Amino acid sequence: MLSPKHLWLAASAALGAFALAAPPAHAAFIDQTLHGFCSQAAPLCQDNGTITPTTLNPPVFGFTRSPDSNNNLTTPTFELLYLIPDVPSTNSLLNFTATGTHTGLTTAQNETLFSATAWTSGDLLAYLGLAQTGGPNNPLDAYLPSTRQEETAAGIALSNGYFVFEANFGSVTFGGSPNTDPTFVTSASVPLGTVILGLIEGAAANSVQDATANSAALIVDAPGVTPPPPLPEPGTLGILGAGLVAFGWFRSRKNRKFGIEAAAA
């Protein structure tokens, strides 16, 4: 059985590991992910370490990559996605374009509706029927709480998911000199709570080489509303739980020891 000293060391190590694993207060790059960034200064758009909110609508934005290069990518093309809240249902009838800079296609591209059936569960790539060879997963619950917070603040009905609009902008080169990270301009206003993210598709049909980090997408924001912070990964929660259990056991044992000694005095 571990001594109290060893239990204390185990608890400290677990809590220390949680501190290292927990999401930072400010935006941090994770290897092999895309990250949305603002093209305007605060307060119109401000990267606050969560999904980046912008009150500029139509939105203007861009994407960088970590590492900021085409490392481990093969003939990459950029797929720009707008997740349009599914309330009201008429949002599926939107008609708008986006124009890219530092992209293979620089003319306005129609953002087309992927399906008349909204994305309401599971992972985005599974919904789109795409195979994933790299990058993070993009589950629905990484975005929907932020959209619902925007809708709650505005006093409108809450969405259950998103209509997904997409357009491919051709080849991209990240991290050139001068910088060649792609930027985009949207032709029309989009609904409050719209989430914008990018995918890097590959040479193989229907394959994704990289995707946007869940805390690094962009969201169309109501002034004064901040999306909730990203949830810790399950592994991080496990580390924290183990540390707290060990810490609590040690404190309880220590308190009982002091109680016995006080009674004997």
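The values are calculated or read from the model by the stated rules, or taken from the named source; none is laboratory data. None of the values given here were measured: they were computed from a predicted structure. Please note: Cβ atoms are built from the backbone with ideal geometry, for glycine as well, and neighbour counts cover all protein chains shown.
Remarks
- Just one of the numbered conditions (1) at pLDDT 85 or above; (2) farther than 30 Å from Ala222 by Cβ; (3) not hydrophobic (A, V, I, L, M, F, W, C) is not true of Pro88: (2).
- Pro67 modelled with pLDDT under 95 and more than 15 Å from the chain's Cα centre (by Cα): yes
- Residues being closer than 18 Å to Asn214 by Cβ and touching a Ser or Thr at 6+ places or on another chain (Cβ under 8 Å) are represented in the range 151-159 by at least one member.
- Residue in the range 131-146 that is crowded, with 19+ Cβ neighbours inside 10 Å, aromatic (Phe, Trp, Tyr) and out of contact with any Gly (no Cβ under 8 Å at 6 or more places or on another chain) present: yes
- Test result for Ser92, in a loop (DSSP other than H, G, I, E, B), in the same structural domain as Glu151 (by TED's automatic domain parsing) and either touching a residue at least 24 places away in the same chain (Cβ under 8 Å) or at negative phi (or both): no
- Test set (1) charged (D, E, K, R); (2) in a helix (DSSP H, G or I); (3) touching a Lys or Arg at 6+ places or on another chain (Cβ under 8 Å) - Glu151 fails condition number: (3)
- The residues on offer are Ala167, Ala157, and the sole one that is part of a loop (DSSP other than H, G, I, E, B), under 26 Å from Pro88 (Cα atoms) and modelled with pLDDT of 95 or more is Ala157.
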